[in-house]
Amino acid sequence: MTAGSVAVIGAGVIGASVAYHLARRGWRDIVLLDRAAAPGEGSTGRATGGFRAQYATATNVRLSLLAREKLLCFAQETGVDPGYDQVGYLWLAMSDAELATLREGQRVQHAEGLHEATELDPSGAAQINPAVSLEGIVGGVFCPTDGYIRPLRILEGYLRAAERLGVVVRWGVEATGLVRRPDGSVAAVETSAERLDVDAVVNAAGPWAAQVAAWAGLDLPVVPLRRQAAATIPCDLLPPRMPMTIWAGDGFHLRVRDGRVLLLQPSPGVPGCPYDAGVDSAWIAAVEAAAHRRVPALRAAAIDRAACWGGLYEMSPDRHAILGAMPHCPNLYLVNGSSGHGVMHAPALGQLLAEIMSDGRATTLDAGPLRPSRFAEGALHPVSGLL
C-alpha cells in the first residue's frame, strides 16, 4: 500500500519499534505520541530485563527467536548496545507434574529449532547455579542462549533510529480520542495539543490499550495488572552473570542486576493499579522468605525497600500478544496484550506489524495465531506454567 501518515499511540519500546520498522518500510509522516514527559516513564522503564525463548507455545518461541536474531544485530542497526547477555534461564521443578510441564514445553521448543534447551537432573541444576538449595528439587531445564537485555537501551536505540528516519516523537502529548468516518475507519486522533488527521493509527498504549479501542466504540480484552519487584541492598553474594533462576511451581525467580539481587514472584495483581502505588509489605516479606529458603546466601542481604518498585503488565485472556488490524476498524492496528513479554518481543512485534500494515500480512513468520479476531473465534492459546 502507499505509505501515509500514521499516529502511534504510546512511545514505549513496542511503539518505538513499530515506528522505526514502519519508517524502514518507507512510511512517512509518522508521529509517535506519549503523554509522559520523557522516554522510559511507563512500563518499559519498569521491566526487569529478562529474555527467553523457553515458552510452551510455538508462537511465543518463534517470536523470541526472531527477536533474538534482531537483538544480535541491534547495535549495528541502531547504534545502541541492547545489553543482550546470554547467561541462560534455569527453570526448577519441585514435583513430577512441574517437571512434566517443563518437558512438554521443551518438546515445543525443540520442534521450533531451540535445540540448545536441555533437561537437567538436580546435580546438573546445581552445576548451573551452585547457590540454589536443592531441597525438594526433582529436576529442571536450561537454555544457555536465554539471558538479559537492557529495556531502556532498546527503547533508546529504536527512538534514535526512528528519528533519523524522520519519525516525529511528541513527548507530553496525550491522545484523548479517535474520530471515525462513516465506514468505521479512523480519520483523526484527538490529542491534548491538537487534532491529527491520519491514514492509520497504531495502538501501542500498553496497559491503557483497551481505552484507546473504546474511543472507537470497540472492545479490546486487555487489562492492566500490577507486578512488583523487590531489590536487596548492594551486595556481591551472587555472581553478576548468574542465570535467571525460576521455580516453575509458584513462579518465584531472581537475578542480579546492577549489584543488587532482584526478587520476583507473581501475586494477585490489582487491575488498573497506578505505577506509583507502594510495594506491598506482605508481598516483600513473602518473597524475602522464599529467597532465604531457596538461596541460603541471601540470608545475609537485607531488602532495600526504597529500591523496590511496581509496574504494569498488559494482560490478554490467553497471555499472548494481539497483533493486527482491529475488527470493524481496518486502519486501527493493535500491538497489545504481550502479558509481560513486551520488551523481549518488541523487536519482533514491531517488524511484524510493519509487514502487516505494508503488505497486508506478516511475511517473516505466521502472525495469524496472534490475530485480534481469535477471541471471538474461540481460538485462544493454551495457558501453561511456562508462559
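Each reported figure results from applying straightforward, stated rules to the coordinates on display, with no laboratory input. Remember, predicted model here, so these are calculated numbers, not experimental data. Backbone-built Cβ (ideal geometry, glycine too); neighbour counts: all protein chains shown.
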The number of residues in the stretch 236-250 that are surrounded by fewer than 20 Cβ atoms within 10 Å (Cβ to Cβ) and touching a Ser or Thr at 6+ places or on another chain (Cβ under 9 Å) is 1
Of the candidates GLN211, GLN228, the one satisfying the condition of being surrounded by fewer than 21 Cβ atoms within 10 Å (Cβ to Cβ), polar (S, T, N, Q) and under 20 Å from the mean Cα position of the chain (by Cα) is GLN211
Every listed condition ((1) outside any helix (DSSP H, G or I); (2) touching a strand residue (DSSP E or B) at 6+ places or on another chain (Cβ under 6 Å); (3) not β-branched (Val, Ile, Thr)) holds for HIS115 save (2)
If you go through TYR84, TYR158, the only one that is among the hydroxyl-bearing types (Ser, Thr, Tyr), under 30 Å from LEU32 (Cα atoms) and in contact with a Leu (Cβ under 9 Å, 6 or more places away or on another chain) is TYR84
Residue set VAL61, VAL80, VAL87; condition outside any loop (DSSP other than H, G, I, E, B), among the aliphatic types (A, V, I, L, M) and either surrounded by 19 or more Cβ atoms within 10 Å (Cβ to Cβ) or in contact with a Phe, Trp or Tyr (Cβ under 8 Å, 6 or more places away or on another chain) (or both); output residue VAL61
task: Tell me, yes or no, whether the stretch 110-125 has at least one residue that is crowded, with 23+ Cβ neighbours inside 10 Å, on the phi < 0 side of the Ramachandran plot and free of Cβ contacts under 8 Å to residues at least 40 places away in the same chain.
output: yes
Here the qualifying pairs (Cβ atoms under 6 Å; residues six or more apart or on different chains; first in the stretch 170-196 and touching a residue at least 12 places away in the same chain (Cβ under 8 Å) and among the aromatic types (Phe, Trp, Tyr); second surrounded by 14 or more Cβ atoms within 10 Å (Cβ to Cβ) and not in a loop (DSSP other than H, G, I, E, B)) come out as TRP171/ASP34
Of those in the stretch 121-167 that are in a loop (DSSP other than H, G, I, E, B) and among the β-branched types (Val, Ile, Thr), the residue nearest to the chain's Cα centre (by Cα) is ILE149
Among (1) under 26 Å from the mean Cα position of the chain (by Cα); (2) farther than 22 Å from TYR55 by Cα, ARG195 falls short only on (1)
For the stretch 11-43, the count of residues that are under 14 Å from TRP171 (Cβ atoms) and under 15 Å from the mean Cα position of the chain (by Cα) equals 6
